[in-house]
């Protein structure tokens, strides 16, 4: 596990965010290299199911293929996936997505905790998880699960976050590996293998 | 942390003792709900949950109710209901009699939404809505047609967004914080337990709605259930799924044609 951490081996990158996280992604995505060797899963709190144009908007910021997840989609390296509004997003051992319409967690569906915890079970130490700006507690337990499974955890520097509560809450509840501004985050991701 | 093998043991118990087969459910979601139930009911270990399930048939009812997801709402995805109003019901209206199956209906919010659409299209009198679920507990709620009053504001907004022009509060009577929907709606609803995993087709329908149920099944089971729906639909019948579910890659996809952007398919042969 330690060795993996040193090499920063990544089989899946998770990014969770709530209020104030979209503008971070709009800045971050254009900085990411084309042809990432791992899939990226974005779990964002958003208002309702009508705005399916968000995935188009995100896709316009990156050369990497970007799409909103449909039930049982395979998890393919190089693709950026967006959790659909109003569903929890989980990952199965055979590397497919499944959706879930169960109760909201921390008033949120999709919940960052749910996806992070589910990914931690499947990917273990080959997982990298980043938590961005937000105004609630979602994501901290998920980061803790990633950490416990031997994965790498990071948060957006609360000083640079529009809503510092979410990354700050995570920092006070577990020892995260990295605290990044957007530029640092981009170069970290670009160096993952 | 519950090991994968433990989940297997529990699922085997459920099948051997009670005949409930959850082995082809999406494992990640199922496991999460088992973990959640362990903590909700304060079992000190997984073994104790398993013991209780094995030995207490009355606990089984709670177990099944908590393991299966029963979150639902009225007029969810208003554009879907708008499409039913504008494109599906006018076609169904040409038939002398309309049979609709809500498979995995949970507490029935969608069934009542549908009954309201039919009433507004003047079709309710010659329609029957079959509401089925594997879970007898939730079906009791469908029968009563009583939903929390606090949700009516949101439901009313979704109803209007679906193209509804009546006063939504005219469909229910408010009492003690509850909204009781009119008997006129509920008397057209036929309620029965039906397990999509193990039970077969029981009628021929013009429209089958099964929204956000297949997401809990693995690919094989999804395929089996879709075949069951195909076998239960008359020619030119309609099948409606949840917004993130698809017929793509299923064994029956060539027999159906998607109507528009909504997840509604028409059977073409």
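The values are calculated or read from the model by the stated rules, or taken from the named source; none is laboratory data. Note that the structure is predicted; figures quoted are calculated from it, not measured. All Cβ positions, even for glycine, are placed from backbone atoms using ideal geometry, and neighbour counts span all protein chains on display.
All conditions in (1) surrounded by fewer than 19 Cβ atoms within 10 Å (Cβ to Cβ); (2) within 9 Å of chain B (Cβ to nearest Cβ); (3) in contact with a helix residue (DSSP H, G or I) (Cβ under 8 Å, 6 or more places away or on another chain) hold for residue A:95, with the sole exception of (2). Does any residue of the range B:167-174 turn out to be farther than 21 Å from residue B:188 by Cβ and in contact (Cβ under 8 Å) with a residue 24 or more places away in the chain? Looking for residues that are farther than 21 Å from residue B:188 by Cβ and in contact (Cβ under 8 Å) with a residue 24 or more places away in the chain, one finds at least one in the range B:167-174, hence yes. Scanning the range B:247-265 for residues that are surrounded by fewer than 19 Cβ atoms within 10 Å (Cβ to Cβ) and either within 26 Å of residue B:109 (Cα to Cα) or within 16 Å of the chain's Cα centre (by Cα) (or both) returns B:258, B:259, B:260, B:261. Entry remark, the range A:28-86: residues being crowded, with 17+ Cβ neighbours inside 10 Å, in a loop (DSSP other than H, G, I, E, B) and away from chain B (no Cβ under 14 Å) number 10 in total.
Is it the case that some residue within the range B:208-231 is within 14 Å of chain A (Cβ to nearest Cβ), closer than 26 Å to residue B:93 by Cβ and either assigned to a strand (DSSP E or B) or under 17 Å from the mean Cα position of the chain (by Cα) (or both)? Looking through the range B:208-231, at least one residue is within 14 Å of chain A (Cβ to nearest Cβ), closer than 26 Å to residue B:93 by Cβ and either assigned to a strand (DSSP E or B) or under 17 Å from the mean Cα position of the chain (by Cα) (or both).
Taken together, B:150, B:145 contain a single residue that is modelled with pLDDT of 95 or more and loosely packed, with under 13 Cβ neighbours inside 10 Å, which is B:150. None of B:30, B:60 is assigned to a helix (DSSP H, G or I), in contact with a helix residue (DSSP H, G or I) (Cβ under 9 Å, 6 or more places away or on another chain) and more than 11 Å from every other protein chain (Cβ to nearest Cβ) except B:60.
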